[in-house]
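> The structure is given below, and queries will be raised subsequently.
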């Protein structure tokens, strides 16, 4: 196989990390379902929890190639990936700085678990890199960001965070789920560890749960030592499905991103919409920063309906767009973050992060935008 750095993105999606069918020469990777492999006279002692079955091993190569890193690991969920990455580098007495607005599950992991292990943490006041510098301590070990952030699509300066980490000898981590490797490659800016809920764009069909990590050989080796103890490995059937999905990642995300731009512009013009959060809009406060560090602005946006239109009534009135818990599938979906992703936060904690009860997160799919617009129009009209 040619060096992935010389291949085009669609070629990487399709061919890098394939498992070769040497016996029957099939066009797709065979699936190795065994949980028990030989231990004597072999180069690698394979075991699913060690992340090294044939399907696991090869899929990691595809994910690393997509994120321009040396190596990768795959997990049973995004939270399994995040927890393994965090605890691989932390011990009692260490300190972590976390961006203020992050995924609710990550927030809950930190506030619910870190104190048990004597790990200190600080949340920034905003998504500005300067806020991280103000919180630095002698025992700070990790800077953690999520950009674009969930659910308000805030943009953090990746280059500035990476530089701060390098200057201070601190590991930098990013949740790159919303952007996907198609729209953003944080390793190119110097971020150490890239995390994904592969349930989302990498999976892309709303039918698997998975997580992924990409980074240097050294960092991945360190995470592996912790990950094998946590037991968050992915079944080989799901590994196979994830590889299948990644073959169309670029095609899907490019179309979804194009549609999201059109939908954001439509919603911003709409008289019944108070505010739209999307980095591709000129009105977004970090639009210029997003242009500098993203190849595309992504397929996620959020918006607030005008006062008097109930967010849940609106979503229930939709006929084509599905109110649904997750995101990034081929189909367009909406969700109320206060009831789902950020339900574990208190009402005040949500307000502190700008997450109002009327906020709707919109994952734009591959449908025709004109059909999505018609659906939104009929839903609003039915409530007036």
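Please treat every number below as a calculation from the coordinates, not as lab data. All of these numbers come straight from a predicted model, not from anything done at the bench. FYI the Cβ positions are ideal-geometry reconstructions off the backbone, even for glycines, and counts take in every protein chain you see.
> First check a/c for the range 251-382, with a ≥ b ≥ c the square roots of the eigenvalues of its C-alpha gyration tensor; if it is under 1.5, answer rounded, and if not, answer prolate when a/b is larger than b/c or oblate otherwise.
Judged from the Cα gyration tensor, the range 251-382 comes out rounded (a/c under 1.5).
> Based on the Cβ-Cβ distance from residue 68 to residue 287, what FRET efficiency comes out when R0 is 30 Å, to the nearest 0.05?
0.75
> Taking the Cα atoms only, what angle lies between the long axis of helix 249-269 and the longest principal axis of the chain, rounded to 10 degrees?
Tilt relative to the chain: about 20 degrees.
> Next question. Of the residues 27, 343, 221, which exhibits the maximal mean-square fluctuation in a Gaussian network model of the chain defined by a 10 Å Cα contact cut-off?
Sorting by GNM fluctuation, first place goes to 27.
> Return P(r) of the range 31-163 (all Cα-Cα pairs; 10 Å bins starting at 0; whole %; ordered from short to long distances).
10, 32, 31, 18, 8, 1
> Related question: Please state the relative contact order of the range 251-382 as a whole percent: Cα pairs under 8 Å, 6+ residues apart?
It comes to 29 percent, rounded to a whole number.
> Going by how many other beta carbons lie within 10 Å of each one, how would you line up 112, 77, fewest first?
Ordered from fewest to most neighbouring Cβ atoms within 10 Å, 112, 77 come out as 112, 77.
> Let me ask another. If a paramagnetic tag sat 7 Å from the Cα of residue 134 along the Cα-Cβ line, which residues of the range 72-112 would have the backbone N under 13 Å from that point?
What the label zone holds, given the 13 Å backbone N cut-off, is 100.
> May I pose another question? Assuming 0.36 nm per residue, please report the length gained on full extension of the stretch residue 111 to residue 373 beyond their Cα-Cα distance.
90.4 nm is the gain from fully extending residue 111 to residue 373.
> Let me ask something additional. If you fit an axis through the alpha-carbon atoms of helix 217-230 and take the longest principal axis of the Cα set of the chain, what angle between them do you get, 0 to 90°, nearest 10?
Its long axis makes an angle of about 90 degrees.
> Quick one: compute the contact order of the chain, relative version, from alpha carbon pairs under 8 angstrom and 6+ residues apart, as a percent. Walk me through the numbers before you get to the answer.
Numbers: 767 pairs, mean separation 66.2, N = 384.
The value is 17 percent.
> For the range 142-227, build the convex hull from the C-alpha positions and give me its volume per residue in Å³. Kindly include the intermediate steps, with their values, before the conclusion.
On the way: hull volume 8.7 nm³, N = 86.
Hull volume over Cα atoms, normalised by residue count, gives 101 Å³.
> How would 314, 297 line up from fewest to most surrounding beta-carbon atoms within 10 angstrom? Working shown, then result.
Details: 314 21, 297 26.
The order, fewest Cβ neighbours first, is 314, 297.
> Related question: Roughly how far apart, in whole Å, are the Cα centres of the range 309-384 and the range 71-140?
If we compute the Cα centre of each part, the gap is 28 Å.
> Mind giving me the nanometre distance, one decimal, between the label points for residue 205 and residue 272, set 7 Å out from Cα along Cα→Cβ?
About 3.5 nm separates the two model spin labels.
> Turning to a different aspect of this structure: Most exposed first by the Cβ proxy, i.e. fewest other Cβ within 10 Å, how do 277, 103, 37 rank?
Listing 277, 103, 37 from fewest to most nearby Cβ atoms yields 37, 103, 277.
> Out of all DSSP beta bridges in the chain, what portion is antiparallel? Express it as a percent rounded to 5. Please report the intermediate quantities before stating the final value.
Values: 21 of 39 bridges.
So the antiparallel bridges in the chain amount to around 55 percent.
> Using helices alone, what [θ] at 222 nm do you get for the chain, with -39,500 (n - 2.57) per DSSP H run of 4 or more residues, divided over all residues and rounded to the nearest 500?
-11000 deg cm²/dmol
> Checking a compactness column here: for the range 324-384, what do you get for Rg(Cα) / (2.2 N^0.38 Å), N being the number of residues?
Values: Rg = 13.7 Å, N = 61, 2.2 N^0.38 = 10.5 Å.
This ratio for the range 324-384 stands at 1.31.
> If you take the square roots of the eigenvalues of the alpha-carbon gyration tensor of the chain and sort them as a ≥ b ≥ c, do you get rounded (a/c under 1.5), prolate (a/b over b/c) or oblate?
Oblate, because a/c is 1.5 or more while a/b does not exceed b/c.
> Continuing with the same structure: Could you state the angle between the C-alpha long axis of helix 78-89 and the longest principal axis of the C-alpha atoms of the chain, as a value from 0 to 90 degrees rounded to the nearest 10?
Value to nearest ten degrees: 60.
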